[in-house]
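Okay, so here's the structure we're looking at.
The values are calculated or read from the model by the stated rules, or taken from the named source; none is laboratory data. This structure is a prediction, so every number in the text was calculated from the model and none was measured. These accessible areas exclude ligands, DNA and RNA; they are computed on the full protein's heavy atoms, side chains included. Shrake-Rupley method; radii C 1.70, N 1.55, O 1.52, S 1.80 Å.
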Amino acid sequence: IYVIVDKSNGKKYVGSAYGDSGIWSRWCSYAYSGHGGNDELYALIEKFGIEYARKNFQLSILELLPMKMDDDSVIRRESFWKDVLLTRGEFGYNKN
């Protein structure tokens, strides 16, 4: 489970990496695109360009989980962190 903090405004995005690809593959997609497929982050990149992400996004690991953990359990832990960090709504970039 990871968090991306937008240092320009303090908003956070919590995500997870599960399946065979793991965290490295997930973070590579953020490094390449700046948004990793997230709608809210995509809107920022569209508006301000990828340099916005490179300048303002800080990625951190919140919790390490076993690679073989089932997807539903990973998603439950991700949801837990979204609730803890209030990343849905005005304090973050998570829609769900």
>> Using only Cα atoms and rounding to the nearest 10 degrees, what angle (0 to 90) does helix 22-33 make with the longest principal axis of the chain?
In response: 10 degrees
> lysines near LYS95 by alpha-carbon distance under 21 Å, same-chain residues fewer than 8 away left out - which ones?
Replying inline: LYS7, LYS11, LYS12, LYS47, LYS82
>> Angle check, please: helix 39-48 long axis (alpha carbons) against the longest principal axis of the chain (alpha carbons), in degrees 0 to 90, nearest 10.
In response: 20 degrees
>> How much length would be gained if the chain were fully extended between VAL84 and ASN96, taking 0.36 nm per residue of separation minus their Cα-Cα distance, in nm to one decimal?
In response: 2.9 nm
> Using a probe of 1.4 angstrom, how much of the accessible area of the chain is carbon and sulfur, in percent?
Replying inline: 55 percent
>> Starting from 0.36 nm per residue, how many nanometres of slack lie between LEU65 and SER8 once their C-alpha separation is accounted for?
In response: 17.6 nm
> Hey, what angle do you get for helix 71-85 against the long axis of the chain, alpha-carbon based, 0 to 90 degrees rounded to 10?
Replying inline: 50 degrees
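Over the chain, with the other protein chains present, what is the accessible area per residue in square angstrom, probe 1.4 angstrom? Kindly include the intermediate steps, with their values, before the conclusion.
Working: 6000 Å² over 96 residues.
That works out to 62 Å² for each residue.
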>> Using alpha carbons only, how many angstrom separate the centre of region 71-96 from the centre of region 1-23?
In response: 10 Å
> Taking amide H positions as placed 1.01 Å from N in the peptide plane, with prolines and chain starts having none, which residues 5 or more places from GLU63, or on another chain, fall under 5 Å of its amide H?
Replying inline: none
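On full extension of the chain, what length is gained from SER73 through ILE50, given 0.36 nm per residue of separation minus the C-alpha to C-alpha distance?
Values: separation 23, 0.36 × 23 = 8.28 nm, distance 3.23 nm.
That pair, SER73 and ILE50, stretches by 5.1 nm at full extension.
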>> Report the Rg/Rh value for region 24-96, based on alpha-carbon coordinates and the Kirkwood definition of Rh.
In response: 0.98
